[in-house]
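Have a look at the structure below, then the notes.
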Amino acid sequence: MMARTCARGAAMASLLSPPPATVLVLLAAAVSVAVGLPAINVTTISFEEGYTPLFGQDNILRSSDDRTVSLLLDRTTGSGFISSSMYQHGFFSASIKLPSDYTAGVVVAFYVSRPSVALSALYIACMHIPSVRASNGDVFDKRHDELDFEFLGNIRGKPWRVQTNVYGNGSVHRGREERYVLPFDPTTEFHRYSILWTPAAVAFYVDDVPVREVRRSPAMAGDFPSKPMSLYATVWDASNWATSGGKYKVNYRYGPFVASFTDLALAGCRVDDPPPGGNGNGGGIRMVTALGCAAAEEALRASEPAVMTVEKQQAMRRFREQNMVYSYCYDTLRYPVPFPECDVVESERRRFKDSGHLRFALRQRQQRRPRPRRPRGPRPITGTVV
């Protein structure tokens, strides 16, 4: 079975090859120019320089130059990788191309954590979702932090949706979720997704455009992520919830489902690995001192992604007006008391139900094509023929 999986993956290698770097730069620049924003200057690294396989190794395909990795989900397993180090704040980024066709029940995640026996068992149990997130649930039991991009598959003809999550100190019961539809087809080309995490704020970027910002406030207390995290990327089967609440399941006739990652970037203050015998509450981590991370955090705060200009704020507002379909800030059924960081915009609030979902489904504008005129034959000749 594994041999067939590897052979199938090798046969797909030509389909998984990334476009040239110049094409990726031009694509990112074109998207940014379209909204009047400069492209973010990102220093990329190879897979070996910053990452290691997490699970499903036979379903992880690496390019010959080691700068692109593809994760496969098939009947046997999903797959995933993790950063080699934990980070105390940072900028985490990748250009991702999602699986195409029928992808109901499939999740791709990009997020921030570190593997343990318990966490690995969780992935083995789930076995099938693509996602990227940052988390540390294995090190800080019951009080972990997490930042997520979760890409939720759909039935044929329906768009992928992306969900962002912000969890701090185990606050999963106070999930700060937002969900959007993407203004492009994420299955045909690579698009960049980035997570910025500083002591003052968290920001999510799509193609250099900020789509969400959560600024730290005293009222958030421990709900703001503050403990070291690692980066994860996974693909797995979330048939029980991902598409229409579990109504549509993964159909492996359309597999394997392939999520490809390139332009990998990690920046921030690295934290030493925990020594053997850690107690599971974070005490085993040799935390770097505040002074040790001061220079890295100062550089992070001064970096282009961390500076939220007026132009970025305007672009973020446009994206949210056009693409956001759920926000916890407007979900008064789950959260009667508003969250302290929610910047409620009255004109925006009126577009959402009390459940936090958009009142009217977003429809892509379709340009009306003029109907082709039917060719006319020669007009009949009237009058007297001489």
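The values are calculated or read from the model by the stated rules, or taken from the named source; none is laboratory data. Because the structure is a prediction, the values reported are computed rather than measured. With ideal geometry, Cβ positions are generated from the backbone for all residues, glycine too; neighbour counts draw on all protein chains shown. These accessible areas exclude ligands, DNA and RNA; they are computed on the full protein's heavy atoms, side chains included. Shrake-Rupley method; radii C 1.70, N 1.55, O 1.52, S 1.80 Å.
Numbers below:
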| read-out | value |
| --- | --- |
| Strands (runs of 3 or more DSSP E) wholly inside the stretch 157-250 that include at least 1 residues being free of Cβ contacts under 8 Å to residues at least 60 places away in the same chain | 161-167, 201-206 |
| Some residue of the stretch 247-256 being open to solvent by less than 10 Å² (accessible area, probe 1.4 Å) and at pLDDT 95 or above | no |
| Which listed residue, of I124, I45, I96, I82, is open to solvent by 10 Å² or more (accessible area, probe 1.4 Å) and either assigned to a strand (DSSP E or B) or modelled with pLDDT of 95 or more (or both) | I45 |
| Close pairs (9 angstrom Cβ cut-off, 6 or more residues apart or separate chains): part of a helix (DSSP H, G or I) in the stretch 50-69, open to solvent by less than 30 Å² (accessible area, probe 1.4 Å) and among the β-branched types (V, I, T) anywhere | D58/T5; D58/T77; N59/T5; N59/T77; N59/V235 |
| Sole exception among (1) open to solvent by 20 Å² or more (accessible area, probe 1.4 Å); (2) more than 26 Å from G80 (Cβ to Cβ) for A201, by number | (1) |
| Out of L362, L333, sole residue that is part of a loop (DSSP other than H, G, I, E, B), modelled with pLDDT of 50 or more, under 24 Å from the mean Cα position of the chain (by Cα) and more than 21 Å from A219 (Cβ to Cβ) | L362 |
